Structure formats: C-alpha cells, structure tokens
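First the structure, in the form of structure tokens, and then the observations on it.
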Amino acid sequence: MSTASTPPNPAEPPAFHPGLIARSIAFFSGSVGLGIKVALLAASNALAVWALYVLATHHRWPALGVLVVATLLIDWVYLAPVRWTLPAKFLIPGTVFLVGFQIIPILFTIDVAFSNYSTGHILARDQAIAAIKINSLQPPANGRQYDIAPARDSSGRLVLVMHDETGGKVYLGTPKGLTELSKSDVTIGATGQPTAAKGYKLITGAELFTLDQQLRDYKVPTSGGAAIQPQGTAIGVELKPTLRYDSKRNVFVRITDGKVFHDNGLGSFVSGPDELEPGWKTHIGFRNFSRIIHDPLVRKPFLSIFVWTFVFAAATVFSSFAVGLFLAIVLDKRGLRFQKLYRSVLVIPYAIPGFLSLLVWAGLLNDDFGVINRVFGIHVPWLFGGNVFSWLPFISWPRIAVVLVSVWLTTPYFFLVSMGALQSIPDELTEAARVDGGGAWQIFRRVTLPLLLVAVAPLMIASFAFNFNNFNNVYLLTGGGPYNGASSIAGNTDILISYTYKLAIASGKGSDYGLASAVAIIIFFIVAGISGVSFWRTKSLESLR
Amino acid sequence: MSSSELASTTAAAPAAAAAVKHPRSRLKFKDTWWRHAVGVVAMCAALFPVVYIVSSSFNSNSSLQSAQVIPSHVTLHNFGSLLHNNVKGNTGAKQDAPYPHWFLNSMLISLLTALATTVLGALAAYAFSRFRFKGRRGGMMGLLLIQMFPQFVAVAAIYLIVLNVGEVFPQIGLDKLAAVVIVYLGGAMGVQAWLIKGFFDTIPTELDESARVDGATAAQIFWGVVMPLAAPVLAVVALISFVFTLNEFVIASTILQTTSHKTLPVGMQLFISNSYDKVWGPFAAGALLAALPVAALFMFLQRWIVSGLTAGSVKG
C-alpha cells in the first residue's frame, strides 16, 4: 500500500494487487453488498418511522412533513430503476448531515443575528405576557393571610389545606383554584393551623422541608388574577397583580398609578427607562450590527478584539513561517549528520494533540508557579499581566504569550512544508545563479524565496484563515483573559471566535445569541474574503473540471 | 486543495528520502557546527514541555512549583490517583476528574467521527470524481462556499438547534455523545471530501472501465476497485479527521454538560484551570496517556500526513 507516497502516474496505471482489504471489500460488494444495502435502507426506514411516531406525539407537524418527504425521496433514489439517480446515491449520505448541521445552522445564525434572542428574550410573546402577569403578583397592604398545611390528596398530588382565621372558613388550595371544605372535616390546632383533614394526608416532619422549593413556586389562583402563595410551610399570603394587561391597546397598565408600559417593538414592554421582565423573542432588523458600530459598550471591546484577531493570526503565521523556513534552510544540508533526528524531534510539537500542549503551556507559563519564570529566573506575568510598555497599550504579556505558544505549535508545519518545497527547487537554478556571481543572500532573495513562496503562499493564507478562528490557542491558554473590569465579557486576548463563544454560551453574564450570531456573520465574511483571495491566487477552482 | 498540490507535495517525500540516501560526502564539523547548534537549540525548544510533562507525571511531588527535569522521586502515584478518580484538589478535598470517562468519550467520538467522515467523504468524492451530472459544478462550488463558514462559528445556532431537537428526541439532545458526533458529521462533506476527490482523480478511469466491462456496478467499482487503491490516503484522511475531532473544544463544551460526559479537552481544561499548582502531577500523567497513542500514530504515518495536511491545511 504505497500508493500515497508515490502517486500513480496517469500514464501508467498502477498494478492492481488485491490485498486483504481489497479482497474483503470485493467479498462484500456482490450479493452480500446488495444484502447490506437493503439492510441499511430498512434500518434507516425503521428509524424514520420511529422518529415519525415521536414527532407525532409531540405534535411537531412541519418537521414530520419534512421527514416523510425526505424518507420517501431517499427510498426512491436507492430503489428506482433509473440510471440518472446514480450520483445521488453517493451524495445523499453526506448531504443529509451537511444540510442538518452545516447549512441549517448557517441559516439559523442569519435568522438569530437579526433577532434579540438572548437571556430575557427567549419566550414567545404570549408566554412573556403570561410571565409578566405572574411576576407582577405582590402582597397588597391589607392582604389576607391563611394558615396552611401542605398535604397529599388520594393520588399523591401536593395540595394545601388552608384556614382563613378572620373569615373562619377552611379551603382546599390546588394549582387549579380554591374550593371550600366543610369545617367538620378539618381539625384546627391551637395556633390556628390545620392539623388533620379528612381525605387528605398532611405532610409533616422531614418531608416538609424537602418541599421548600416546590412550595415557593406553588400558586393557588383566586379571582381577578390574584393568587395565594405559601410563605414558608405554615403561612399562605394572598397576592394581587400590580400590572394589568390591556389586550385591546396592547399595553400593560400599572394598577396603582396607571403608568402605561407599551410594546417598544423590540421585544419588551417599556415605560421610559423602565422595562418589564421578561421580554420576548422578535426580529429587530440590523440592530445587533448597529450596536457593534454605535453602542460604545459593544464597540470598544469589539474594535480591540477585531484588530487583535488580525494581528494574532498574522503574527502567528509569519513568525512560524520565518522560524520554520530558517530551520529548514539550516538543517536541510546534504550530508548533515543527525538530520533525521532533528527532523523527527522538531515535528513532535505537531504530533501531540494541540489541546494538551496548550494546557501544558498554560501551566509552564503560569505567573506564580510557572516553570518558565523559574528556569530563566524572571518574573514575567505571562498570562495575567498587563502592558509590556506603558506607552503602547496594544502589546501585553498575555498577548505575547499567546503568539509565542501559537508559533511553537505552528512552526513544525511550516518547517515540514518549507523543507519539502526547498527540496523540490532544482539545484540547477541555484547553481546557475551562483555561476552568474550571485552571493548566498542574493540567491536566497532572488531565486529560492520567490520559488518557495509559489508553493507556500497558499498554505500561509489557509493557515491565516485557520488561525483567525483558532479558538483553542486563545481559550485554553488564557481563557481570553485577563479582564479589564469585572463587568466586561471581552478579555485582553480574546479573538472574535472566543468572544462569540462567550457572548453565546460561557460568559456567566447571560447569553446574547443575537449579538453572537451577528459577530459570527462578520467572521464569515472575513474568512470568505481570505479564502476568496486564496482561491483566486491558486486558481484551485481549476480542479472543478 | 487541488489534486496537483497533493501530488506535488507527495512527490517531495521521496525526494527527501533520496536526499538522505545520497552517497554521504562527509561534511567537516568546523563547517557545520553552527547548523548543529541551531538544531540543538530548536530541539530543546520543541522538547521543553514534553520533558516537563514526562518528569512531572512520574514525580512524587505533584505541585507545579516542584516540577523539574529530573523527578525527585519516581512514582506511579499520579497515574493511580488519576485513573481511580482520587485526585486531591486545592483545598485538599477530592476534585472530581473522571479521566477514564473523558478518555473513552473522546476516543469514541473521534473514532466514530473519523470513520463516518471518511466514508461519507469518499462517497461524495467518488460522485464528484467519476460522474458527470447536472449541478456537479454548482454542487462543488457550493461545498467550497459552505466550508468557508467553520462549523463552530455557528456555535450559538448549533446549541439552540440541539436544545430544541433534544426536547423531542432526548437521545440526540444536550449532554449526549451521539449529538456531538452527528453535529461533527455536518462537516464530513468538506475539506476531507476535496482531499479524497483529488486522489480519486489520479486513479485512472481505465480501471473503472475494465471493471464495468466485466459487469461490475458503480457500487462494486467504488468498494472493490477505487477504495482499496485509495486505502493509504483514506487512512491519512481518517487520522487527520480524528486529530481534528479530538482537539475540538467549542461544540463539545457547548453540548456536553455532565462532568463524566465531557471529552478530554473540555474535561482536562476544567480539571486543571484554577488548580494548576496542586493537581499538576495527575494532570501531567493524563496528558502523557492521551498524547502517547496519538503522537505514536502520527509519527508512524508522518510522511503521508504531511502531504495530506499540506493539501488540506486542517491543522496549523
């Protein structure tokens, strides 16, 4: 199996020696192959039927329709006796996943980027209105109090047996409402607490304390939008709504002073600076993008991150290329001893999974206990430090550390690539230049480097595009930090992709999916631009033939 | 990414071999000492973290402050406490680190993804390489375009999709390994398919033709003729995909939430961050165990990988 090291020359077909793999594959491709195909198709259909059933029980009708059409289409492609579906047979398996987890996320990203989807704006509008109503419940000044006793009914559901001391009546409270109980069925203790109720088992002792959270969320609705809520395990307080929803005018009105909260069109009810929580999810046009340009709270960190992302990627690629090329030139000398040893050792940083190297480097560079500072007898705040020069706020120690480690990780790649490219430059060319009287530097500058760049430049562009989104190199080393102030999501070493990640998932300050998706779209345009330049340069579209 | 690039860079490998085998004209040490000096310095830089990880993993004192090149007292204690999830953290209390789980999760996810990616990619590559059909050019252009959008950039959308799918199908919802694999497969038609297509293009179609004359179907030609010939390239593609998946952090950290469901990058990051000083020894042991198999495989397949990476530039 040496086909990879010496690619077959199209002129002479490679000899075909059926090895073990070939023979086993050939075995599986006859009627056995047909059996496998039928079995796979049957399995996917069975899976589809099961999924249909689940979707139906959840009443997800649009998804169900899509699944039915897709399944029938796939069956038809694989079973129809027409020849022109042949390419589709090979393309469908990958395309299913491509559509589901590459194309749909992209479309969804675009949709979310134009919405206010974020913590506090997750619900649909009517759900948000219901939530606002519940949130507005407050105990009124002269609200009624009840002595309550949590109990279980005959089927084990949690209910409240309640005693209204002023009215002298007893009630049963459930999430459905309040029903009066016959006084003779309930025993009232000396403190006014119900101590027994016919047909209900009062909860006592340790079990009572496990109900703490459940009771806090328990609400017994009464008339006019009011509700009774347990405060602790012994007292229930009647709460009254402080806001009233006027569905005709589409506003919330504060009952006490008549203040009107109107729909601001951005997913919230507002009155001046006051906003009712929660809001709802809605499309807000280009507002996420204009926040990046106009909102100083977003613009300042974004600009800094934007510039740093370019600097990080460029510095990593150029430094790695420079070091890698230097090493290749120095060590690629015919007849040099230990050449093989140098080569295999220098590739090691590339062979170790990157995430491990990064986590290890984070330890070695640790400001307080790190090995680097100890070995070199220095006190550099590599990961948590500030600016290197007080007059140049752009360069900080953590940024230098991120670039250094990235160069350590990337150099082997450019070392190998440069070595291969150097060896493919014919000796005759440099020889001729030498005969013509060129010095070593001149030969390198005028002959070797231009020829080398033809091969390496596209790889440098690709590497730039990769490092532009090199989340791991930043996040696993510094976590994007250090942070200027506790309030900021953006850290000193954050690049665009790690900033997006924090906005969406991991800031600990709520998620802003809308803004995160807007940044993702900006990243897309930048990377598409870089890749476009690369394709244009290498004309790799030629292989579309 | 083109086939010519793959071919040209692969051609460099035998050239390197030839250079080594060239009848050795012994170079004088006084002319080459500076080359060796550079080589030794570069080797020290490359090996620096490796040496510290190996020694720290065997060092009886497991704090970062006491990390040194030669362990003060060689012991397997770090490995034992890590594998038995019995690591003492900052406060002296046990720090939960189900390393074997992380390891297995990572291997399972990466292996499945690598295998499926290679098969799906090869299937698509075969269609693009051998068939001429309506929409072929457009399809390939479309693939190129879509691949410019790295999957993890859409992390917010992917999270929301998995969250919503999980409400109906908890089997592939949040916190499930299967969800991670399925999401990763969204990228199967990308760079890898292009790489494989480039190689398929170099396999002469005469082979297909003769098989077809013998009555073979397209599927039989694919599995019986093209795939065996491409086996080495497929192995490299699978390994590149494996390493890439193993390193993936964004999507894995977003979908997997229970500590024992996490993958190695996410778990190890969680384990070591904020307690570098105390759990350095067990961490080093874990890093060594995880790095060894991958690094060994990498070194073994090195000369093929370099050409593959050159063509695809997946890593670095």
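The values are calculated or read from the model by the stated rules, or taken from the named source; none is laboratory data. Predicted model only: the values in this text are computed from it and were never measured. So basically every Cβ, Gly included, is an ideal-geometry build from the backbone, and we count neighbours across all protein chains shown. Only protein heavy atoms, including side chains, enter the accessible area calculation; ligands, DNA and RNA are left aside. Shrake-Rupley method; radii C 1.70, N 1.55, O 1.52, S 1.80 Å.
Students sometimes get this wrong: rank B:Val54, A:Val112, B:Val74 by accessible area, probe 1.4 Å, all chains present, largest first. It would help to have the intermediate numbers written out before the result.
On the way: B:Val54 55, A:Val112 5, B:Val74 100 Å².
Final ranking, largest accessible area leading: B:Val74, B:Val54, A:Val112.
Among A:448-461, A:469-482, what's the highest-first ranking by average C-beta atoms within 10 angstrom per residue?
Ranked from most to least packed, the peptides come out as A:469-482, A:448-461.
How well do other chains shield peptide B:157-167, expressed as the mean number of their Cβ atoms within 10 Å of each residue Cβ?
For peptide B:157-167, the averaged partner shielding equals 5.
Given 0.36 nm per residue, what is the gain on full extension from B:Arg212 to B:Ser260 after removing their alpha carbon distance, in nm?
Once the chain is fully extended between B:Arg212 and B:Ser260, it gains 12.2 nm.
Along the charge dipole of the range A:326-385, which of A:Val345, A:Trp382, A:Ile329 sits closest to the positive end, that is, farthest toward it, with unit charges on the beta carbon of Lys, Arg, Asp and Glu (+1, +1, -1, -1)?
Farthest towards the positive end: A:Ile329.
Restricting to DSSP H runs of at least four residues, report the calculated mean residue ellipticity at 222 nm for chain A, -39500 (n - 2.57) per run over all residues, nearest 500 deg cm²/dmol.
-16000 deg cm²/dmol
For every other residue with a beta carbon closer than 14 angstrom to the beta carbon of B:Val266, add +1 if it is Lys or Arg and -1 if Asp or Glu, then tell me the sum.
The answer is -2.
Please get the size of the charge dipole for the range A:297-544, origin at its Cα centre, with Cβ charges of +1 on Lys and Arg and -1 on Asp and Glu, quoted in debye to the nearest 20.
Values: 16 positive and 10 negative charges, 26 e Å.
That gives the range A:297-544 a dipole magnitude of about 120 debye.
Consider a paramagnetic label point 7 Å from the Cα of A:Ser271 along Cα→Cβ; state which residues of the range A:207-247 have an amide N under 13 Å from it.
Taking a point 7 Å out along Cα→Cβ of A:Ser271, the residues of the range A:207-247 whose backbone N falls under 13 Å are A:242-246.
How much FRET efficiency would the formula 1/(1 + (r/R0)^6) give for B:Val119 and A:Ala190, where r is the Cβ-Cβ distance and R0 is 51 Å, rounded to 0.05?
Computed FRET efficiency for B:Val119 and A:Ala190: 0.10.
Along the charge dipole of chain B, pointing to its positive end and built from +1/-1 on Cβ of Lys, Arg, Asp and Glu, which listed residue (B:Ala45, B:Val155, B:Met268) has its Cα farthest out?
The one lying farthest along the dipole's positive direction is B:Ala45.
Tell me the mean residue ellipticity at 222 nm calculated for chain B from its helices only (DSSP H runs of n ≥ 4, each -39500 (n - 2.57), averaged over every residue, nearest 500).
Result for chain B, helices only: -21500 deg cm²/dmol.
So how strong a dipole does chain A carry about its Cα centre when Lys and Arg Cβ are +1 and Asp and Glu Cβ are -1, to the nearest 20 debye?
Details: 43 positive and 31 negative charges, 130 e Å.
Using only the charged Cβ atoms, the result is roughly 620 debye.
Take the Cα radius of gyration of chain A and divide it by 2.2 N^0.38 Å, with N its residue count; two decimals is plenty.
1.44
Please compute, for peptide B:116-124, the average count of beta-carbon atoms on other protein chains lying within 10 Å of each residue's beta-carbon.
What the average comes to for B:116-124 is 4.
How large is the Rg to Rh ratio of chain B when both quantities use alpha carbon positions and Rh follows Kirkwood?
Over the Cα atoms of chain B, Rg/Rh equals 1.05.
How big, on average over all directions, is the shadow cast by the Cα convex hull of the range B:127-227, in nm²?
So the mean shadow area of the Cα hull is 8.6 nm².
Can you tell me the alpha carbon radius of gyration of the range A:297-544 divided by the globular rule-of-thumb value 2.2 N^0.38 Å?
Scaled against compact globular proteins, the figure is 1.16.
With a 1.4 Å probe, what is the total accessible area buried between chains A and B, in Å² rounded to the nearest 100? Before the final figure, lay out the partial values.
Numbers: alone 32950 and 17850 Å², together 39610 Å².
Accessible area lost upon association: around 11200 Å².
Roughly how large, in nm² to one decimal, is the mean projection of the convex hull of the alpha-carbon atoms in the range A:160-283?
10.9 nm²
Modelled label-to-label distance, A:Ile235 and B:Asp31, 7 Å Cα→beta-carbon offset: nm?
Taking the two extended label points, one gets 9.8 nm.
Taking all pairs of different Cα atoms in the range A:34-113, averaging 1/r and flipping that mean, what Kirkwood radius in angstroms comes out?
Values: mean 1/r = 0.0700 Å⁻¹.
Value: 14.3 Å, from the Cα pair sum.
Using 0.36 nm times the number of residues separating A:Phe394 and A:Ala70, minus their current alpha carbon distance, what extension gain do you get? Walk me through the numbers before you get to the answer.
Values: separation 324, 0.36 × 324 = 116.64 nm, distance 5.29 nm.
Answer, rounded to one decimal: 111.3 nm.
In the range A:34-113, carbon and sulfur make up what percent of the accessible area (probe 1.4 Å)? Before the final figure, lay out each step's value.
Working: 3920 of 4720 Å².
Heavy-atom surface of the range A:34-113 belonging to carbon and sulfur, 1.4 Å probe: 83 percent.
Which whole-number value in Å² is the accessible area per residue of the protein assembly as shown, probe 1.4 Å?
Computed with neighbouring chains in place, this is 46 Å² per residue.
At a 10 angstrom cut-off on C-beta neighbours, averaged per residue, how do the peptides A:305-312, A:180-187, A:288-295, B:124-131 rank from highest to lowest?
B:124-131, A:305-312, A:288-295, A:180-187
Would you please put A:521-527, A:339-345, B:181-187 in order of how densely packed they are, using the mean number of other Cβ atoms within 10 angstrom per residue and starting with the highest?
By packing density, highest mean first, the sequence is B:181-187, A:521-527, A:339-345.
If you take each beta carbon of peptide B:184-197 and count the beta carbons of other chains within 10 angstrom, what is the mean?
Across B:184-197, the average partner-chain Cβ count within 10 Å equals 4.
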